[in-house]
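Attaching a single structure in structure tokens format; questions to follow.
The values are calculated or read from the model by the stated rules, or taken from the named source; none is laboratory data. All figures in this text were calculated on a predicted structure; none of them were measured in a lab. Cβ placement follows ideal geometry from the backbone for every residue including glycine, while neighbour counts extend to all protein chains displayed.
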Amino acid sequence: MANQQLREALQAYEAANLDEHGPLRGAAFAATYRAAQGLPVHGIAPDTEALNAEAAAWCERTLASLAVIDASALEEQERLSLAILRSAVERRIESTRYYWHVIPVTPYRSFVFGFRMIFNSLDLENAEHRANYLAALRDVGAYVRSLQDKLAGQVQRGITLPQRALAPIIAVHRAAANVESNPLLPGSEKLAALDETTRTAFIAAAHDTLRRDVVPAIGELAEYLAGPYTDAAASGWGQSALPGGDAYYRYLVRSNTTLGFSPEEIHERGLAAVGELREAMASVRARLGAQGTAREFHEMLRHDPRFVPRSPEQIGERLEHFANLANRALDTYFVRKPSAPFAAKRLSETLEGGMTFGYYHPGAKAGEEGVYFYNGSKLSERSLISLASLALHELVPGHHYEINVARENPALPRFRAFQAISTYIPAYHEGWAEYAADLGKEFGAYEDPYDLYGRYALDIFISSRLVVDTGMNSLQWSFERAEEFMRENTLLSDLEINSELTRYATDLPAQGLGYKLGSLTFAGLREKARAKLGSGFDVRAFHDRIVMNGGMPLTLVEHEIERFIDERS
């Protein structure tokens, strides 16, 4: 009975996520979910309060149905699936309570970026697929108008972006308000696969749809942002400057970390971590015979030709070099090896202005190539010194490894195997990637002391997020105070610091907390297991117990490792 109830609940959850006419379709969620899995997309739902309420009601009903399932009658993996599903629905319900606090157009979060993924995933190989593409494209206009309506509603509630963050947002949307070079048009590779007659007809139809239904709405949004919205925009900085911002930020902390720490506790943990890393970096500088202060050494590194990339391609080559080095060491530390290949490729130049580093994107289907898209712009302001650490974080044994191990595990139900936006937890995924980057110290990725310094440099940057994210969003830090803290403790250029601080305070408050808190959790669990099991500790089995299960709240990871210890004691 309980097994059947769980199977039905899992099927219902997956079906609702995929349903383009269902209760979870709002704010383009169903379209994004389908596109991420390489499925057809027939339309894009707007971002409205009514659809948010529909999602909340469905989640409440689902939670009630999960409450009647007798967990004691389930097998262990089934109990884990039930716990993960319940957590996902609970977090989703809580998110709907903050509809008016989620600003839909920010430097990092915009349909211009997000919808590129949707449209890039769509096939054009037959007439039906091309019709689907045009139907989804047509819906973008209504979606954009819903965003403008929401922004106006937020202005009435005093919830706005700070004025100093608006210039790049306005520029992105003005650039997208065109027909011929619109970012939602298909790439040249997909068009090249069509015969000339079909290609000409499709481009003409897409241009007509953009001209009639989409570009006018984008243009109106850009001018609204540049005019009335700018006039009403906040002068303060961070969530603490907004009505209800403190409660919203504390919710974001709970959702992103799943650990129960308060912003104040996280701030103190961040200060302690930064202090420890400053000492470790001082030790490496002494090995290198460096003279002067840390700040002077960092300034030297920024201008040393050895660490300034000569070309965008050199960045990609270095990333792939270190990822391949890690891939060759997998058998020593892991039980599984995913079949999906990986690569590092440059970001689209239209996106580079809004991203400090880049992002990892898995293939739409299991076994497809996963790609880390890196920022190859403004080379004089970038450095090669942390690329070893970045490669391990983004590719192997970081994101590419853990995402694809779960995808290729046939024992997991779909919603656990597919690391989707409905179950994504930064403290698990980003925490694992940071823990994976630290593993490089064990298999020789940082034999060059400069690469080791680069690892510490990335770690202190990640750790400083605990300080400045909580500082700006909860403890009333000014932008300038956060800026000086990062300038004092990291190797980031002023351009990168500005981009990162803007991200923490406007796009993804609290998301950056998961990196360090998650990695500390994984490292602590490893030491706990090693201490209790002694010579019986197997690091390969320990890692497998974490990654084989896919993403989950860290409280459940802790429970799984307790089981792991008990089984092997």
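Against the conditions (1) part of a helix (DSSP H, G or I); (2) surrounded by fewer than 18 Cβ atoms within 10 Å (Cβ to Cβ), where does Leu151 fall short? Just the number, please.
(2)
What do you reckon, is Asn132 in contact (Cβ under 8 Å) with a residue 12 or more places away in the chain, surrounded by 13 or more Cβ atoms within 10 Å (Cβ to Cβ) and within 18 Å of Glu220 (Cα to Cα)?
no
Could you name every one of the helices (runs of 4 or more DSSP H) located completely within the range 488-569 that has at least 1 residues being on the phi > 0 side of the Ramachandran plot?
none
Out of Ala343, Ala326, Ala366, which single residue is in contact with a strand residue (DSSP E or B) (Cβ under 9 Å, 6 or more places away or on another chain) and either surrounded by 13 or more Cβ atoms within 10 Å (Cβ to Cβ) or touching a residue at least 40 places away in the same chain (Cβ under 8 Å) (or both)?
Going through Ala343, Ala326, Ala366 in turn, just one is in contact with a strand residue (DSSP E or B) (Cβ under 9 Å, 6 or more places away or on another chain) and either surrounded by 13 or more Cβ atoms within 10 Å (Cβ to Cβ) or touching a residue at least 40 places away in the same chain (Cβ under 8 Å) (or both): Ala343.
Quick one: which of Thr521, Thr555, Thr490 is surrounded by fewer than 17 Cβ atoms within 10 Å (Cβ to Cβ), polar (S, T, N, Q) and farther than 30 Å from Leu151 by Cα?
That would be Thr555, the only listed residue that is surrounded by fewer than 17 Cβ atoms within 10 Å (Cβ to Cβ), polar (S, T, N, Q) and farther than 30 Å from Leu151 by Cα.
Is it true that Ile44 is surrounded by 17 or more Cβ atoms within 10 Å (Cβ to Cβ), β-branched (Val, Ile, Thr) and closer than 28 Å to Ala364 by Cα?
It is true that Ile44 is surrounded by 17 or more Cβ atoms within 10 Å (Cβ to Cβ), β-branched (Val, Ile, Thr) and closer than 28 Å to Ala364 by Cα.
Consider only pairs whose beta carbons are under 6 Å apart and that are at least six residues apart or on different chains; among these, list those whose first residue lies in the range 152-177 and is basic (Lys, Arg) and whose second residue is at pLDDT 95 or above.
Arg157/Trp100; Arg174/Ala222
Continuing with this model, one more query. For the range 299-313, state whether one or more residues are surrounded by 19 or more Cβ atoms within 10 Å (Cβ to Cβ) and more than 30 Å from Thr106 (Cα to Cα).
Within the range 299-313, one or more residues are surrounded by 19 or more Cβ atoms within 10 Å (Cβ to Cβ) and more than 30 Å from Thr106 (Cα to Cα).
When residues of the range 382-432 are filtered for being hydroxyl-bearing (Ser, Thr, Tyr), modelled with pLDDT of 90 or more and touching a Ser or Thr at 6+ places or on another chain (Cβ under 9 Å), how many remain?
Summing the residues that are hydroxyl-bearing (Ser, Thr, Tyr), modelled with pLDDT of 90 or more and touching a Ser or Thr at 6+ places or on another chain (Cβ under 9 Å) in the range 382-432 gives 1.
Of the residues that sit in the range 524-537 and are of a type outside the set (Lys, Arg) and out of contact with any helix residue (DSSP H, G or I) (no Cβ under 6 Å at 6 or more places or on another chain), which one is farthest from Ser255 (Cα to Cα)?
Ser535
List the residue pairs whose Cβ atoms are under 8 Å apart, where the first residue sits in the range 429-446 and is more than 12 Å from Gly518 (Cα to Cα), the second is acidic (Asp, Glu), and the two are 6 or more positions apart or on different chains.
Ala437/Asp459; Asp438/Asp459; Ala445/Asp451
For the range 227-241, how many residues are closer than 13 Å to Gln156 by Cα and surrounded by fewer than 15 Cβ atoms within 10 Å (Cβ to Cβ)?
Of the residues in the range 227-241, 2 are closer than 13 Å to Gln156 by Cα and surrounded by fewer than 15 Cβ atoms within 10 Å (Cβ to Cβ).
Only one of Ala290, Ala234, Ala222 is farther than 21 Å from Arg487 by Cα and modelled with pLDDT under 95. Can you tell me which?
Checking each option against the conditions leaves just Ala234.
Can you name the condition, by its number, that Glu264 falls short on among (1) over 30 Å from His129 (Cα atoms); (2) free of Cβ contacts under 8 Å to residues at least 60 places away in the same chain?
Tallying (1) over 30 Å from His129 (Cα atoms); (2) free of Cβ contacts under 8 Å to residues at least 60 places away in the same chain, Glu264 fails exactly one: (2).
Which residues, counting only those in the range 408-443, are over 15 Å from Ile84 (Cβ atoms) and in contact with a Gly (Cβ under 8 Å, 6 or more places away or on another chain)?
Glu408, Pro426, Glu430, Gly431, Trp432, Ala433, Glu434, Tyr435, Ala436, Ala437
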